Amino acid sequence: MSTGTAPVISCKNAWKIFGADPKGYLKTLSEGRSFEEIRADGYIAGVRDVSLDVHKGEMLVIMGLSGSGKSTLVRCFSRLHEITGGTIEVEGTDIGSLPERELIELRRSKMGMVFQSFGLLPHRTVLENVAFPLEMRGQDKHARRDRAMEVIKLVGLEGREEYFPRELSGGQQQRVGIARSLAIEPDIWFLDEPFSALDPLIRREMQDEFLRLQEMLGKTIVFITHDFDEALRLADRIAIMKDGAVEQCDTPDQIVLNPATEYVRKFTEDIDKARVVHARVLVEAGATAEGLAIDGAASVHDMAKMLITDPRDAFPVTENGVALGAMPKAKALDVLLDQR
Amino acid sequence: MSAADQQSLPSAPPAFGIDRPKAALICFAVAIALTIAQYTGLLPAFLHRLPESLIPPFADWLDVIFEFVKEDLGLLAFTRFLTEGLEWVLDVTGNLLFGRRRWPYLGPIPWSAIAAAVAVLGYWLGGWRMALLAGGTFLWTALVGQWEIAMQTMSVLVVAAPMAFVIGLSLGITAWKYPAFENAIKPILAVLQTLPFFTYLLPAVIFFKVGPTAGAVATVVYAIPPMILMTILGLQKVSPEVVEAGKMSGCTRLQMLRHVYIPSARTEILVGVNQVIMLCLAMVVLTAFIGMPGLGATLLQFMGSFRLGRSFEIGVTIVLIAVALDRMSKAWVAKQPEHFEKGTPWWQQHRYALIGLSAFVLFYVLAQFIPYLNEIGRRQSLSMGREIDGVMRTFLALDWVTAITGGLRAFLNNNVFIPFRNFLLSIPTPALILLIVAFGLWLAGRKQAMLAGLFFSLVALSGWWDRAVITLYSVLAAVILATLIGLPIAILAARNEKSARRVLLACDTAQTFPSFVYLLPAIMLFGITDIAVIFSILIFATVPLVRYTIEGLRTVPPEITEAADMAGATRLQKLLKVQIPLAFPTMAVGFNQAIMFAFFMVIIAAFIGTQDLGQELQRTLAGTNLGTNFVLGICVSLMALSFDLIIMKWASDRKRVLGLGG
Ligand SMILES: Nc1ncnc2c1ncn2[C@@H]1O[C@H](COP(=O)(O)OP(=O)(O)O)[C@@H](O)[C@H]1O
Ligand SMILES: [Mg+2]
């Protein structure tokens, strides 16, 4: 995560309201009106005053219960939904003001999206589905075939390229969806609960596959899930949504250690914190300690045995050869033992 | 309306719920009082029937409007221009299919070549059985010597069906894109679907020249509405994720429509195609009434001269063609693309097209040497029409047969039909309108009751009240009889799965028959008499009744019937107390369709000889009296729409109450 450069997506005070006259309603909306009050007025607040940035190469996971506005927010990023208020900038351009032509151009060159129930075109073969975005931007037949074959190989569907979607299993269909979204080599990759419709076993396999792809491609990713474990496995940062608003947006460690609201605390209650919290966030900068250093990327769970057997009161922590400071044993033990 | 309102809607009691039945009762009482007054001679004449002097000359007004549109707005010039283009296309198909002497002077194509190609098409769509049905139909047509007239009919069908498809699809897309347009055409479509077909015919003749062109135009207009409706339905059903996937793939609006929406709505669009084909066939046959040569005209002529054997053979041909077209187009709906392994050579990928083409060419060439494969003249044909004519005639002349049909006829006429008709005619106009309003209030709601009352008042104002009442009488008599006959059949059939499926299949098949064919058995049994009219409507209307009753009974959830069993209900109790009440909304849909079908058939039955609106309508066909033709057609449509509004509203209300889903 490189916070120094400009964010890829920058979302400021974004609102999305569904209803008869959303714009007019938003103007009259008083500060701090709750989701329920808005609903009582006959409107639904899909996205409520959301501000967040997505940085280059990071994976932001959006988390929340069903109906909390995750899909709506992501659709605002790609302007599948027109926002009611606020601004959303993608690589510095305000997408709300783009004319249709340029919006299409942006999607054709920069964005890819994967859907929960795949969204495949039933009358097209795997190959034709994957090549679809290339066809739409007018690439010639051979070039798009070659490129489509490349991504089909990448997602491990070689040999199935002449099949129709209904001849494939759910996991395979989602591989087609992933391949299609990657065909144009997008810089920004949106995934809306891509694995939720799959069996748990397949889901796990697809997550591994996805991590492998991400390692290789290093894209900027916005990933939606309602499954906290999935979020923790994948995320650089997690944004937790409730009733259209972002409750907290932070690294997994910070979310479990310092929940910003009661809602987030409840959410993280049952999580095995020792697996989420890493040494680097427990460090007290400036402090020093003696002896063998531990890696900043190690989780408390990884260190559990050492915490109990090692007599030191603090441990030096280094990451990538840089000394970060010292981690007090008590802090780590708190995390390890703070479980109901 | 807010989401909260929507949630509370189903449970809230309807406004004025209490006094609606009371209002119905009041209307009913007033109607009875008026009728009693009429019988006791106390009713002033102007309350019995609207005085002639009060009837506005709608027909003349309409004529003025038509005249204006036709001449001053240049519509006639425009349609004559269209006629030329259409005529050219029809000449081409006419030349190819039955050798009309026009460009390109190639035809007629040998029957064997067409039959072979169609058989291969059938095989591709549905295996050997479909090949047999498709090829067999065409083989039969040729063998009984009806090839030429069948091809006359087909030459219009192959032009009209694609036209109706394209126009319907475009209008459907427009309506889906612009809800304002959809709202504007929905009522027009409702009227079009209830308008008697004679009302399609006359304008077609006036604007598009007698003969195949007018026939094609009337057919196209008649077949468009379902295509529009199916297109809208299909496009609305495309999953939002597929749409979003299209947008994220960078589709422009046109690309969205062409590559995403239309292919994803394939199933509904193809169901629309199936309906277009079936309606076109039904209508093409009926264009016989404006002198379109073909199967319909020949059937009309044979039936008119009471040559039943030959009529029967043509009836069989029409039915076979209908069933073959229906099954083939339905197989097309169900056909899903299959993938070929990589490296499959192109001739293998297109093998059916190639086999079909080779069969066509093979028989084309063979036919040059073997005349029998080229053309089967009437003399060489295997037609048994003349013999069957004789057999039928002797059969119908047998003493006991005449005794039965004659007796039945006399009994029904004297004791049921004529008294019923006279009774309906004796009801004062305002009383009948009030009865309809009461019916609407009782079953549906204020809005439906008001509309129905308004519609019937318009019929009264049209000046054709007596004719309309006779039409209504035929419809009601036939539908009541159809209910008496159809319900027991359906209830028996629904008792077990196997028989239910068999009867449903029979009904589905019967519904594909062009309506005209239903006249045949009626005429065979009862000759050209008024009983035959009722009888033909009766069979036509029984089909949907049986079908929907079975469907309604079958969809009663098993938990509920099991609960009834556990409660110790007898079979009859279970049927009366549980199954029928739950199936009633669905049955009502069937009942409604029976009435719609009856309104349709009663007009066709004018051919046999009636004294109703249909008869008058048929009479207008001979002239250029567009205004009268329209007024008559709208009268039929308004009566049918009244029933449609009331019954469908009741059925959907009832379904909601029973929690069976909208
Ligand atoms: N097109 C729409 N019209 C009206 N309400 C919508 C629409 N799309 C979503 N909503 C509402 O917005 C809220 C958020 O929905 P969504 O973003 O789909 O939630 P999630 O993806 O988190 O499950 C829900 O209350 C939903 O009912
Ligand atoms: Mg969602």
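The values are calculated or read from the model by the stated rules, or taken from the named source; none is laboratory data. Here the structure is a predicted model, which means the values were calculated and not measured. Ideal geometry is used to build each Cβ from the backbone, glycine not excepted, and the neighbour counts take in all protein chains shown. Side chains are part of the model used for accessible areas, which takes the heavy atoms of the whole protein and leaves out ligands, DNA and RNA. Shrake-Rupley method; radii C 1.70, N 1.55, O 1.52, S 1.80 Å.
What the table shows:
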item	result
Matching option when the condition is over 24 Å from the mean Cα position of the chain (by Cα), of a type outside the set (Lys, Arg) and surrounded by fewer than 14 Cβ atoms within 10 Å (Cβ to Cβ), among A:335, A:322, A:317	A:322
Condition check for residue B:129: of a type in the set (D, E, K, R), at negative phi and buried (at least 19 other Cβ atoms within 10 Å of the Cβ)	no
Residue match in region A:136-149 (condition: within 9 Å of chain B (Cβ to nearest Cβ) and either in contact with a Leu (Cβ under 8 Å, 6 or more places away or on another chain) or among the aliphatic types (A, V, I, L, M) (or both))	yes
Selected residue (criterion: surrounded by the fewest Cβ atoms within 10 Å (Cβ to Cβ)) from residues of region A:154-201 that are facing chain B (nearest Cβ under 9 Å) and within 16 Å of ligand 1 (Cβ to nearest atom)	A:192
In region B:509-531, residue most open to solvent (accessible area, probe 1.4 Å) [restricted to those that are at pLDDT below 85 and within 15 Å of residue B:395 (Cβ to Cβ)]	B:525
Whichever residue in region A:178-233 is in a helix (DSSP H, G or I) and of a type in the set (Val, Ile, Thr) and, among such residues, is farthest from ligand 2 (Cβ to nearest atom)	A:202
Enumeration of residues in region A:226-241 that are in contact with a Gly (Cβ under 9 Å, 6 or more places away or on another chain) and surrounded by 20 or more Cβ atoms within 10 Å (Cβ to Cβ)	A:239, A:240, A:241
Count - residues of region A:140-151 that are open to solvent by less than 20 Å² (accessible area, probe 1.4 Å) and farther than 16 Å from residue A:212 by Cβ	1
Qualifying residue in region B:340-351 (condition: assigned to a helix (DSSP H, G or I), modelled with pLDDT of 90 or more and either within 21 Å of the chain's Cα centre (by Cα) or small (Gly, Ala, Ser) (or both))	no
Strands (runs of 3 or more DSSP E) within region A:7-120 that include 2 or more residues within 15 Å of ligand 1 (Cβ to nearest atom) and hydrophobic (A, V, I, L, M, F, W, C)	A:9-18, A:44-54, A:59-64, A:111-114
Residues that are under 12 Å from residue B:387 (Cα atoms) and either touching a His at 6+ places or on another chain (Cβ under 8 Å) or not in a helix (DSSP H, G or I) (or both), drawn from region B:299-317	B:307
Cross-chain or 6+ apart pairs with Cβ under 6 Å, region B:352-368 first and more than 25 Å from residue B:127 (Cβ to Cβ), then assigned to a helix (DSSP H, G or I)	B:364/B:113; B:366/B:373; B:367/B:112; B:367/B:373; B:367/B:374
Where residue B:266 falls short, out of the listed (1) more than 8 Å from chain A (Cβ to nearest Cβ); (2) under 30 Å from residue B:200 (Cβ atoms); (3) not acidic (Asp, Glu)	(1)
Wholly enclosed helices (runs of 4 or more DSSP H) of region B:381-475 bearing at least 2 residues without any contact (Cβ under 8 Å) to a residue 60 or more places away in the chain	B:385-397, B:399-411, B:418-426, B:446-462
Among (1) open to solvent by less than 10 Å² (accessible area, probe 1.4 Å); (2) outside any helix (DSSP H, G or I) - the single one residue B:609 does not satisfy	(1)
Qualifying residue in region A:81-99 (condition: within 10 Å of chain B (Cβ to nearest Cβ), open to solvent by 20 Å² or more (accessible area, probe 1.4 Å) and charged (D, E, K, R))	no
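Here's the yes/no breakdown for (1) at pLDDT 90 or above; (2) assigned to a loop (DSSP other than H, G, I, E, B); (3) within 21 Å of residue A:225 (Cα to Cα):
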residue	(1), (2), (3)
A:259	yes, yes, yes
A:263	yes, no, yes
A:270	no, yes, yes
A:274	no, no, no
A:286	no, yes, no
A:291	no, yes, no
